[in-house]
Every structure is written in C-alpha cells, then in structure tokens.
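No lab work stands behind these numbers, since they all come straight from the coordinates. This structure is a prediction, so every number in the text was calculated from the model and none was measured. Cβ coordinates were reconstructed from backbone atoms using ideal geometry, including for glycine residues, and neighbour counts include every protein chain displayed.
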Amino acid sequence: MVGSVRFDPLSRRDFGLLRSWLSAPHVREWWRGAEPTADLVEQEYGPSVDGVDPARCFVINVAGERVGMVQCYRMADEPEWDALVGIPAAAGVDYLIGMPGRCGLGIGSSAIGAFTGLVFGLYDDVEAIVAVPQADNQASRRALERAGFELVEERDLESDDPSDAGVSAIYEFRR
C-alpha cells in the first residue's frame with residue numbers, strides 16, 4: 001500500500017535529484033533527448049521554478065520520501081501540442097518515478113490519481129486532464145488506467161520532441 005502522497009513545488013535545490021532521475025535508464029527510455037546536464041535541467045525547469053513558464057512542476061513525496069516529479073500545464077499554453085493532441089479545454093500532465101526501486105509499487109497510479117485534484121484546483125477552466133505516453137510504455141499506461149484515465153486513441157503525433165517519437169497513447173481524465 002502506498003503511503004500519503006504530497007506534491008512539493010519543484011525548487012532549484014531539487015535540480016540535482018531531478019537530474020539523477022532524468023539520467024536513470026528506466027526514465028531515459030521514455031524521456032528522450034539530450035543528456036540531462038545541470039545546465040539543461042536549469043534551462044528546462046528554471047523558468048517554471050521562477051514562474052516565467054506557465055508549467056507547474058512538483059516533486060512527488062510519498063511518506064516523506066522524494067520519489068519522482070510531475071508537471072502540469074494548460075494545453076492552450078502550448079498551442080502546437082494542443083492542436084496535435086486535439087482535446088479542447090484540457091491540462092496536460094507529465095510524470096516520472098525517478099527511484100528505480102519505487103517503480104511497480106503503485107506509486108505512479110496513486111500520485112497521478114491524487115494529482116488530478118490539484119490540477120483541477122489550479123485550472124478551473126479546464127474540463128479534462130491529458131497524458132500522452134508512448135504506446136509502448138506499458139507501465140505508464142497501466143498507471144494512468146489505474147488512476148482513472150481513459151484511452152482516447154493511439155496515433156503518431158508529429159512532434160519535434162524526441163520523447164514523442166513513434167505512436168503515442170492519448171489518455172484523458174474528465175472533470
């Protein structure tokens with residue numbers, strides 16, 4: 001059984017831990033792209049920490065242990081991605097369990113399920129929450145389904161992001 005789940009706003013003091021999570025083989029398999037150097041983590045997540053980027057990033061804390069990261073954003077704030085995914089009035093979420101020993105224990109589904117309430121609280125104008133893992137990422141898909149997300153469709157999204165290469169599974173959770 002998963003302990004209590006808390007979401008702590010990501011801060012720069014978390015960047016070293018976040019970098020180690022992004023470098024872990026089980027994460028790199030799906031969060032593709034350049035090697036997550038300290039500079040790259042700052043470039044990618046610093047604007048969110050500073051409130052310049054509208055994405056909101058949080059550390060997943062389970063029973064006092066920091067185990068992963070989750071972020072959310074209004075899909076409308078990313079117009080190209082919003083158009084590709086095609087679900088109106090939605091917020092997007094991305095997540096990872098960075099600690100290899102914490103994968104497969106139900107933490108992902110518990111955290112995602114708990115996070116839906118926080119997302120709807122942050123964005124009262126959205127009607128759905130969207131997650132778009134790779135179709136082959138069975139662990140992520142199971143976590144979403146256990147958290148109450150429903151598969152909308154599988155299709156190739158023509159994105160410049162290496163993490164989106166190939167067929168994606170588009171999931172939604174309605175308000």
- [ ] Give, as ranges by residue number, the residues of region 1-31 whose backbone N falls under 13 Å from the point 7 Å along Cα→Cβ of residue 105.
- [x] 1-5
- [ ] Give the residue from 117, 143, 103 lying farthest towards the positive end of the charge dipole for region 5-174; charges sit on Cβ (+1 for Lys and Arg, -1 for Asp and Glu) and the dipole is referred to the Cα centre.
- [x] 103
Open item on the list: Given Cβ point charges of +1 (Lys, Arg) and -1 (Asp, Glu) and nothing else, what value in debye, to the nearest 20, does the dipole of the chain about its Cα centre take?
Closed with: 980 debye
- [ ] May I ask you to compute the full-extension gain from residue 156 to residue 174, defined as 0.36 nm times their residue separation minus their alpha-carbon distance, rounded to one decimal in nm?
- [x] 4.2 nm
TODO: Would you mind getting me the FRET efficiency between residue 13 and residue 53? Use the beta-carbon distance for r and R0 = 22 Å, nearest 0.05.
DONE: 0.75
Open item on the list: If I take every Cα pair under 8 Å that is 6 or more residues apart in the chain, average their sequence separation and divide by the length, what percent do I get for the relative contact order?
Closed with: 21 percent
TODO: Can you figure out the FRET efficiency of residue 35 with residue 77, using R₀ = 45 Å and their beta-carbon distance, to the nearest 0.05?
DONE: 0.95
